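Single-structure report; data block below.
The values are calculated or read from the model by the stated rules, or taken from the named source; none is laboratory data. Predicted, not measured: the structure shown is a model, and the values here were computed from it. Positions of Cβ are backbone-derived with ideal geometry, glycine not excepted, and every protein chain shown enters the neighbour counts.
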Amino acid sequence: MSKAILTDVTKCIGCLKCVSACKVAHNLEMDVPRVWDKNDGLSAENWTSVIRKDGDRYVRKQCRHCLEPACASVCPVGALHKTEIGAVTYDSAKCLGCRYCMMACPFGIPRYDWDKTVPHVEKCILCYDRIRIGEQPACTQACPTGATMFGDRDELLKVAHRRINENPSKYIKRVWGEHEVGGTSVLYLSDIDLDFLTYPTRPNGAALPKETAAAMESVPYAFVGMGGVMLGLSWIIRRRMKMDKEQGKKKEPSDE
């Protein structure tokens, strides 16, 4: 059964214990700020962050673990993988560093690790190794107020809708992540608009891999076609060089 995280923004106090727990669980070091980084607290060494908004509202940001992840669909080598429990994991040994995943993600999550000798992408993996042995993600375990909780996705959706129905004046009538881009495994309840967590173009309910499938299916043919073109050009150039060389020899005066 697909697992998920539900974050209730109204309960978050901005203590950053989820951020610290994530760093400890994954041996993440302190950041080296980059001028081109998005101003959201995420980086190759920060897989989760807390964004402060007006009205003393604190919003966690992390990989949303899409049910049909665009990042995995565009990865040409399968470095990103959707697991059976809902987590989207990452294998740095396979990564080419192409950064297609960074361009494809509608939430702007994957970050490039510029400090590594061979740079690759980093992001939250939903503590997949912990979940496999029956534990919960480090971030949800560390939360002191229950603002972020872990469980089966279907059950968390029931919890979210029950809270909305029981407190209609407290929450916006929407569960972020229930339907966007085909649904995600990180869900939100809130009393403020959370569309700032996505790119300026607001994602609809369609899963993005359906949009990228046609382009990605053509990649192998493009490689083969380009290879054929380059091979042909190489043959033509070598042929011309050989002919020029032969003609040059013919024009040389003979010794008498």
Item to complete: Would you confirm whether any residue within the stretch 33-46 is assigned to a helix (DSSP H, G or I), of a type in the set (S, T, N, Q) and over 14 Å from the mean Cα position of the chain (by Cα)?
Response: no
Worksheet item: Which residue out of A79, A93, A72 is touching a His at 6+ places or on another chain (Cβ under 7 Å) and either more than 21 Å from V175 (Cα to Cα) or in contact (Cβ under 8 Å) with a residue 60 or more places away in the chain (or both)?
Response: A72
Worksheet item: Of the numbered conditions (1) surrounded by 22 or more Cβ atoms within 10 Å (Cβ to Cβ); (2) among the aliphatic types (A, V, I, L, M); (3) at pLDDT 95 or above, A44 satisfies every one except a single condition; which is it?
Response: (3)
Worksheet item: Just one of the numbered conditions (1) farther than 29 Å from T145 by Cα; (2) surrounded by fewer than 16 Cβ atoms within 10 Å (Cβ to Cβ) is not true of A104; which one?
Response: (2)
Item to complete: Scan the stretch 116-132 and give yes if some residue there is within 24 Å of D54 (Cβ to Cβ), surrounded by fewer than 16 Cβ atoms within 10 Å (Cβ to Cβ) and touching a residue at least 24 places away in the same chain (Cβ under 8 Å), otherwise no.
Response: no
Practice prompt. Would you point out which residue out of T140, T145, T89, T117 is assigned to a loop (DSSP other than H, G, I, E, B), in the same structural domain as S185 (by TED's automatic domain parsing), hydroxyl-bearing (S, T, Y) and at pLDDT 95 or above?
Written response: T145
Item to complete: Mind listing whichever residues of the stretch 148-173 are touching a residue at least 24 places away in the same chain (Cβ under 8 Å), not in a helix (DSSP H, G or I) and not β-branched (V, I, T)?
Response: M149, F150, G151, D152, K170, Y171
Worksheet item: Would it be correct to say that V74 is β-branched (V, I, T) and crowded, with 22+ Cβ neighbours inside 10 Å?
Response: yes
Discussion item. If I ask for residues that are touching a strand residue (DSSP E or B) at 6+ places or on another chain (Cβ under 7 Å), over 12 Å from K3 (Cα atoms) and of a type outside the set (K, R), which ones from the stretch 119-135 would you list?
Written reply: P119, V121, E122, C124, I125
Worksheet item: Hey, L126 hits all of (1) touching a His at 6+ places or on another chain (Cβ under 6 Å); (2) farther than 20 Å from K17 by Cα but one; which does it fall short on?
Response: (2)
Discussion item. Among (1) touching a helix residue (DSSP H, G or I) at 6+ places or on another chain (Cβ under 8 Å); (2) surrounded by fewer than 16 Cβ atoms within 10 Å (Cβ to Cβ); (3) acidic (D, E); (4) under 24 Å from L194 (Cβ atoms), there is one condition E135 misses while meeting the rest; what is its number?
Written reply: (4)
Worksheet entry | Output for the stretch 120-136, where each listed residue is touching a Ser or Thr at 6+ places or on another chain (Cβ under 9 Å), in a loop (DSSP other than H, G, I, E, B) and at pLDDT 95 or above | C124, I125, L126, C127
